[in-house]
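Undergrad: Let me give you the structure first, and then I'll get to my questions.
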Amino acid sequence: MRSTTDFDVRDWDGTARARILWPLPITEAEKDYRREQGLGELESLFDGRAVNPVGLQRPSVV
């Protein structure tokens, strides 16, 4: 699973913390895979492929 980076998390002097989640369009097959294997596994597929995850015409990674 991908590790959280400074880009994903914002910390305000230890008083508040937020994790930024990015809405990305996914295919029906990717949605099913996420349900079965988990979000971390789907993110690993995106990280391991040379695709633009926000591209509306991109092929499915599953």
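Undergrad: How much mean residue ellipticity at 222 nm does the chain get from its helices, if each DSSP H run of length 4 or more adds -39500 (n - 2.57) and you divide by all residues, to the nearest 500 deg cm²/dmol?
TA: Helix-only estimate at 222 nm: -9500 deg cm²/dmol.
Undergrad: Residue farthest toward the positive end of the dipole of the chain, with Cβ of Lys/Arg at +1 and Asp/Glu at -1: which of 26, 45, 57?
TA: So the residue furthest toward the plus end is 57.
Throughout, read-outs are computed from the coordinates displayed, never taken from laboratory work. Only a predicted model underlies this, so the values are computations on that prediction, with no experimental measurement involved. In this analysis, Cβ positions are derived from the backbone assuming ideal geometry, glycine residues included, and neighbour counts consider all displayed protein chains.
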